[in-house]
């Protein structure tokens, strides 16, 4: 399958600037979408692809710094790069404290912008991969029967089949069968891999 190009959202009320950055990004392999305000950006549906947000710090309408805080509070993890021609130290400190990738003052070097975008895209790609991996593990756990969950919890604590069988009042062969089925459903081939995959996951969540 053809890889989807990373996407950069450009939010700046200067149309000439948006068009210049759009041209630069497309020439370096990125896709770009431009918006004249935060409100215009918010109304747009975002693609499920590695992306970052290039955001002017001073624009009419919703305050971009307040919007960054809203994103943070709503656990919206799109990486943010601030750009401005009128920045000051308090602004940059606030932006970086709230998780901005970079705070660039106009005029900036094209390479500085491209470096910041690369960092933002890499961060978003890694986050998406981690979230997908976590979702895959939870799907595997959800496919387990109660008995399989029970046996895996013993396996993860280092118990041997015979010990598990004695603890649960089962035949050892029964434990082996459930264990093999559970390992297959979890897509793991070793106890070490199983422990790594299930770290931080409650095999018996409250109902």
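The radius of gyration of the Cα set in the stretch 105-207, together with its Dmax, comes out at 21.0, 74 angstrom. What number, in percent, do you get for the relative contact order of the stretch 77-162 if the mean sequence gap of Cα pairs under 8 Å and at least 6 apart is divided by its residue count? That works out to 26 percent. Each label point was placed 7 Å from the Cα along the Cα-to-Cβ direction; for residue 78 and residue 19 their separation is 2.4 nm.
Taking N as the residue count of the stretch 41-101, its C-alpha radius of gyration divided by 2.2 N^0.38 Å amounts to 1.10.
Per the Kirkwood formula applied to alpha carbons, the chain shows a radius of gyration over Rh ratio, Rg over Rh, of 1.20. Sorting the segments 116-124, 35-43 by their residues' average number of neighbouring beta-carbon atoms within 10 angstrom, most packed first, yields 116-124, 35-43.
Dividing the helix sum by the residues of the chain, where each DSSP H run of 4 or more adds -39500 (n - 2.57), gives a mean residue ellipticity at 222 nm of -17000 deg cm²/dmol. Classify the stretch 24-128 from the C-alpha gyration tensor, please: rounded if a/c falls under 1.5, else prolate or oblate depending on whether a/b exceeds b/c. Rounded, because the longest to shortest axis ratio a/c is under 1.5. Between residue 5 and residue 187, how high is the FRET efficiency from 1/(1 + (r/R0)^6) when r is the Cβ-Cβ distance and R₀ = 35 Å? Nearest 0.05. With R0 = 35 Å, the Cβ-Cβ based efficiency is 0.70. Specify whether the C-alpha gyration tensor of the stretch 1-46 places it in the rounded, prolate or oblate class, a ≥ b ≥ c being the square roots of the eigenvalues: rounded for a/c under 1.5, otherwise prolate if a/b is larger than b/c and oblate if not. Judged from the Cα gyration tensor, the stretch 1-46 comes out oblate (a/c at least 1.5, b/c at or above a/b).
For the stretch 143-198, the calculated P(r), taken from all Cα-Cα distances in 10 Å bins from zero up to the bin holding the longest distance, is 27, 61, 12 percent.
Read-outs: derived from the displayed coordinates by stated rules, not from any lab. Given the structure is predicted, the values throughout are model-derived calculations rather than measurements. All Cβ positions, even for glycine, are placed from backbone atoms using ideal geometry, and neighbour counts span all protein chains on display.
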